[in-house]
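Report on the following structure.
The values are calculated or read from the model by the stated rules, or taken from the named source; none is laboratory data. Source: prediction; values computed, not measured. Note: ideal-geometry Cβ built from the backbone for every residue, glycine included; neighbour counts use all protein chains shown.
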Amino acid sequence: MLKIDIEACIGCGVCVETCTYDAIELIDDVAVVNEKCNLCGSCVDTCEVEALSIEREEKDVQADLAEWSGIMIFAEYRHGKVAPVSFELLGIGRQLGDQQKAPLSAVLLGSGLGDAAKDLIAYGADAVYQVDDPALEYFTDEAYGNILEDVIREQKPEVVLAGATAIGRSFIPLVATSLATGLTADCTELAIRSEDGVLLQTRPAFGGNIMATIECPYTRPQMATVRPRVMKTAPYDANRGGEIINYQPKPERMQSRVKVLKNVLEEQDQVNITEGDIIVSGGRGLDNEKGFDLIKQLADAVGGAVGASRAAVDSQWISYPHQVGQTGKTVNPKLYIACGISGAIQHVVGMQSSETIVAINKDPDAPIFDVATFGIVGDLFEVVPKLIEKIKENRGE
Amino acid sequence: MNIIVCIKQVPDAKDVRLDPKTNTMAREGVESIMNPFDRHALEEAVRLKEQHGGKVTVISMGPPQAEAVLREAVSCGADEAVLVSDRAFAGADTWATTYTLGKAIEKVGEFDLVICGKQAIDGDTAQVGPGLARRLDIPYVSYVRKITDFLNGAVRLHRLMDDGYDEIEMPLPGLLTVVKEINDPRIPSLKGKMKAKKLVIQTFSAEDIEADPKQIGLSGSTTQVVKVFAPQFKGERAMLEGTVDEQVEQLLEKIEPIL
């Protein structure tokens, strides 16, 4: 229950403003909570007179909590290669492991794994538990989930990380539910609190409008999926030592009730925007589909890929694979040029880690300028053609 | 075919903002709506019922006000509605939520299919669908963008992957989470609205579903929120002034090394 100390409450109304769920009202100048409260706790921190608190019963801590140690990551292997996010997980996993003075391990599942385990070691893993079996050629939630669950039960890592990909976000919740432990989705920041070794998991919520830091204090492992292209990969070191363990799952644990009949790779109709060094993006300011011709010309001139805001995709000026943002792709190119994009938070969370951001917008108050390295207030239909012209001129075209 | 659709009432996320200076939520004009992905789940269920016969039951865990989204679902073609509501459920994380929904669905009875949206727009976790399938001990497929066939007690479908899609066969009963591409949801019909108005919505309390008090709400949650804050940005905000020519010249000087 949310407890309100009516003696302390000064009726300032800040908590009323703060509540997303409309659960607090001021009655006779005192805050009163109603049944909409879902105990999210956002009001507690904002109360200046500390009149608000959430009462929770002391929870039973898992009996063997102290026996869990080490960091484990799930390495995603698909179509003959390790997904880049797995190396990023090793990067952050190495940091957390070094802080805890505990080993970093990886679980690698698939068929025809080749030297993938060696790469994981070169990128920071101390041990790799691998299962190389034709039954695992296709990803299925149940088989992958069962095996990962079994390795976790045996090895007892304190932290388990996986990529927030279509695969990770689908089967990690199964594993966490089976292990009766907490899971935080789509984290963008991870840190270990040194006092008690608790993993602080920070993630965007409400479409990126709010950041929330989550902990899992009573149970182990502490599990999180991590957004791709946010964490830094550790340097590759071919001479790093590590152990490769061929894990033997029980045959029934490799079964899946769901069958994959076929894997279809879709032709991306353009350069994959998550892999380029330069992205030129367009938004609502382009006015219509034809506006994107200009974006494409600039992208061609600088050798970049074309991105878009959700507004432009929703208006069907360009297809969904181009969309950058919370509900599209997360990118971090060396150069991101945003043309006619206002900078709604859901777009910004998908591109803010780009090295250099250029914003061109006619509204000087557009929030995109808050993340921009360089800003130009002006009409993109004047600025962009001029930019293309000068770039070509400089190259002597 | 008996289909259960899980729906959630959420604040319209695009309107939610946290003021970085005061750390308070600017909530002005934020409406409560049916989670957009759940609309697609409902639409798919209603289409399946229209093709194969059966019944669609919508179920929502939330405060008494969540009744509004259940009525809306009925106006769009659902047959029955169940509200799972108790103050003891407040503060539930996804682990406690899947426990509660699982118990409620067991009480609703036999079903062939459970359909959920891929995620709710307030939390964006996408964890309730898979977790619920585990609670019910049924197979599941996430990110379904197309149902192609039903044969011999199984459903064939396409699951969206990061690099394309998988063609999949899942035996029933099972659970699906769906993405927006799967269909275009209909708007309520007049007949549906009449029905929604009259329908008596069953409410299940914690006691009704025989929930273990230690598994529900805040006390059943495995995770807890340490703090919430506004995202911080670190743009240098160097504004380039002058005529268009001058602005472009300055910009090129800055970015030429990267090009």
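Observations
- Residue within region A:335-345 that is assigned to a helix (DSSP H, G or I) and of a type in the set (S, T, N, Q) present: no
- Looking only at region A:248-279, and only at residues there that are among the polar types (S, T, N, Q) and closer than 30 Å to A:ALA338 by Cα, the one that is modelled with the lowest pLDDT: A:GLN270
- For first residues located in region B:234-259 and more than 7 Å from chain A (Cβ to nearest Cβ) and closer than 14 Å to A:TYR336 by Cα, partners that are of a type outside the set (Asp, Glu) and surrounded by fewer than 16 Cβ atoms within 10 Å (Cβ to Cβ) and lie 6+ apart or on another chain with Cβ distances below 8 Å form the pairs B:GLU256/A:ASN394.
- Checked against (1) within 28 Å of A:VAL260 (Cα to Cα); (2) of a type in the set (D, E, K, R); (3) surrounded by fewer than 18 Cβ atoms within 10 Å (Cβ to Cβ), A:ASP98 meets all criteria but (1).
- Of all residues in region B:50-71, those satisfying the criterion of being surrounded by 21 or more Cβ atoms within 10 Å (Cβ to Cβ) and within 14 Å of chain A (Cβ to nearest Cβ) are B:SER60, B:MET61, B:GLY62, B:PRO63, B:ALA66, B:VAL69.
- Sole residue being polar (S, T, N, Q), crowded, with 20+ Cβ neighbours inside 10 Å and over 26 Å from A:LYS386 (Cα atoms), chosen from A:GLN255, A:GLN326: A:GLN326
- Filtered residues of region A:209-220 (kept if facing chain B (nearest Cβ under 7 Å) and buried (at least 21 other Cβ atoms within 10 Å of the Cβ)): A:ASN209, A:ILE210, A:ILE214, A:CYS216, A:THR219
- Search result, residues across region B:140-168 that are at the interface with chain A (Cβ under 7 Å from one of its Cβ atoms), surrounded by 19 or more Cβ atoms within 10 Å (Cβ to Cβ) and on the phi < 0 side of the Ramachandran plot: B:TYR140, B:VAL141, B:SER142, B:LEU160, B:MET161, B:TYR165, B:ASP166, B:ILE168
- Complete set of residues in region B:124-171 that are farther than 20 Å from A:VAL226 by Cβ and among the hydroxyl-bearing types (Ser, Thr, Tyr): B:TYR140, B:THR148, B:TYR165
- Test for A:MET231: is it aliphatic (A, V, I, L, M), more than 30 Å from A:ALA122 (Cα to Cα) and under 13 Å from the mean Cα position of the chain (by Cα): no
- Of the residues B:ALA133, B:ALA126, the single one that is touching a Lys or Arg at 6+ places or on another chain (Cβ under 8 Å), aliphatic (A, V, I, L, M), under 30 Å from A:GLN346 (Cβ atoms) and buried (at least 21 other Cβ atoms within 10 Å of the Cβ) is B:ALA126.
- Looking across region A:22-47, the residues that are part of a loop (DSSP other than H, G, I, E, B) and more than 7 Å from chain B (Cβ to nearest Cβ) come down to A:ASP22, A:ALA23, A:ASP28, A:ASP29, A:ASN34, A:CYS47.
- Any pair with Cβ under 8 angstrom, 6 or more apart, that starts in region B:216-229 at a residue that is more than 7 Å from chain A (Cβ to nearest Cβ) and touching a residue at least 60 places away in the same chain (Cβ under 8 Å) and ends at one that is outside any strand (DSSP E or B) and among the aromatic types (Phe, Trp, Tyr): B:ILE216/B:PHE89; B:ILE216/B:TYR99; B:GLY217/B:PHE89; B:GLY220/B:TRP95; B:GLY220/B:TYR99; B:SER221/B:TRP95
- Filtered residues of region A:279-316 (kept if buried (at least 22 other Cβ atoms within 10 Å of the Cβ) and part of a loop (DSSP other than H, G, I, E, B)): A:GLY283, A:GLY304, A:SER309
- Total residues in region A:46-86, condition acidic (Asp, Glu), over 27 Å from A:ILE152 (Cβ atoms) and surrounded by 21 or more Cβ atoms within 10 Å (Cβ to Cβ): 0
- Taking residues in region A:337-355 that are in the same structural domain as A:MET231 (by TED's automatic domain parsing), and partners anywhere that are modelled with pLDDT of 95 or more, not one pair has Cβ atoms closer than 6 Å while being at least 6 places apart or on different chains.
- Flag if A:CYS9 is hydrophobic (A, V, I, L, M, F, W, C), at pLDDT 85 or above and not in a loop (DSSP other than H, G, I, E, B): no
- Number of residues in region B:186-215 that are hydrophobic (A, V, I, L, M, F, W, C), assigned to a loop (DSSP other than H, G, I, E, B) and touching a residue at least 12 places away in the same chain (Cβ under 8 Å): the value is 6.
- Some residue of region A:245-264 being part of a strand (DSSP E or B), of a type outside the set (Asp, Glu) and more than 8 Å from chain B (Cβ to nearest Cβ): yes
- Selection of region A:357-381 for residues being part of a helix (DSSP H, G or I) and either modelled with pLDDT of 95 or more or not charged (D, E, K, R) (or both) yields A:PRO367, A:ILE368, A:PHE369, A:LEU380, A:PHE381.
- Qualifying helices (runs of 4 or more DSSP H) (wholly inside region A:69-181; at least 3 residues being polar (S, T, N, Q)): A:84-100, A:168-178
- The single residue among A:ILE376, A:ILE341 that is hydrophobic (A, V, I, L, M, F, W, C), more than 22 Å from the chain's Cα centre (by Cα), under 23 Å from B:LEU240 (Cβ atoms) and more than 9 Å from chain B (Cβ to nearest Cβ) turns out to be A:ILE341.
- Residue check for B:GLY242: of a type in the set (Gly, Ala, Ser), surrounded by fewer than 18 Cβ atoms within 10 Å (Cβ to Cβ) and either under 20 Å from A:ALA372 (Cα atoms) or at pLDDT 95 or above (or both): yes
- Scan of region A:186-208 for residues that are more than 9 Å from chain B (Cβ to nearest Cβ), farther than 15 Å from A:GLN326 by Cβ, without any contact (Cβ under 8 Å) to a residue 60 or more places away in the chain and surrounded by 23 or more Cβ atoms within 10 Å (Cβ to Cβ), ordered by number: none
- A:VAL230 vs. criteria farther than 29 Å from B:SER32 by Cβ, without any contact (Cβ under 8 Å) to a residue 12 or more places away in the chain and among the β-branched types (Val, Ile, Thr): no
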